[in-house]
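The values are calculated or read from the model by the stated rules, or taken from the named source; none is laboratory data. None of these values were measured; they are calculated from a predicted model. Positions of Cβ are backbone-derived with ideal geometry, glycine not excepted, and every protein chain shown enters the neighbour counts. Protein only, heavy atoms only, side chains kept; ligands, DNA and RNA dropped before computing areas. Shrake-Rupley method; radii C 1.70, N 1.55, O 1.52, S 1.80 Å.
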Amino acid sequence: YLKRLIFDEIMSNFLMSSQIRKKIKKIKKKEKKFNINLKDKYLKKLGFKLTKCQNKAIQEVNNDLKSKERMFRLIQGDVGSGKTIVSLISALNVITSGYQVALMVPTEILAKQHYKFASNLFGKDIKIDLLTGKDEYSNKKKIIENIKLNKSNLIIGTHALFQKKIYYKNLGLIIIDEQHKF
C-alpha cells in the first residue's frame, strides 16, 4: 500500500512537470549571448576545480540560455554537491547579457548565506541585493527601487522577491532553491 502511494506521488509530480514543460517550451524568448569563458575568472577564486558533472550542468544550462526556447530545468544533488555554484555561474552569464537574475530561497538564513557567498565570489563586478520579508522598510524600499531601475543585477531573497509591488526591469533568469520545500 505504501509503495503504491509513493509511486502515485512520483507519477503525479512527473506528469505535472511534463505538462508545465510543454507549455513553457511553446513560449519563445530572446536568446542570451555571453562569453562562456568568463566563468574561469570567478572559479579561480574558489580554490578548487569543478567536477565533471558540475561543468556538464553549467554547459547544459548555458545551451538552454542561448536557445530561443524557455528553460525549465531541475538540478538535483546532495547538500554540498555544488548546485549553488552552478546556479551562480549560470546567473553570471545572464547578468553579463544585460539581464537581472532572481535567486529565491526558502529561509532568511539561507538567503544571507547565498548573499555572502555571491558577494565574495563576484566582488564589486556585480551589484547584488538581499531582499527578505524581515528587512527594514527603508532598506526594502531602496532595493525595490534598484530592481525597478535595473541597478540590481542579482537579487537574492525569500518569497519577498515576488510581490505585487516589485517590478523587474529586465528579468532574465529565476532560480528557485527548494532545499526545504516551500
- Identify all residues within region 116-151 that are over 21 Å from K44 (Cβ atoms) and in contact with a Phe, Trp or Tyr (Cβ under 9 Å, 6 or more places away or on another chain); write none if there are none. D129, L130, I144, I147, K148, N150
- Mind telling me which of the residues S81, S90, S119, S152 ends up being modelled with pLDDT of 85 or more, of a type in the set (S, T, N, Q) and within 19 Å of Q54 (Cβ to Cβ)? S90
- For region 54-70, how many residues meet the condition of being farther than 27 Å from G123 by Cβ and either of a type outside the set (D, E, K, R) or in a strand (DSSP E or B) (or both)? 3
- Task: Given the conditions (1) open to solvent by less than 30 Å² (accessible area, probe 1.4 Å); (2) touching a Pro at 6+ places or on another chain (Cβ under 9 Å), report the number of the one that H159 does not fulfil.
- Result: (1)
- Among the numbered conditions (1) open to solvent by 20 Å² or more (accessible area, probe 1.4 Å); (2) more than 28 Å from Q19 (Cα to Cα), tell me where Q76 comes up short. (2)
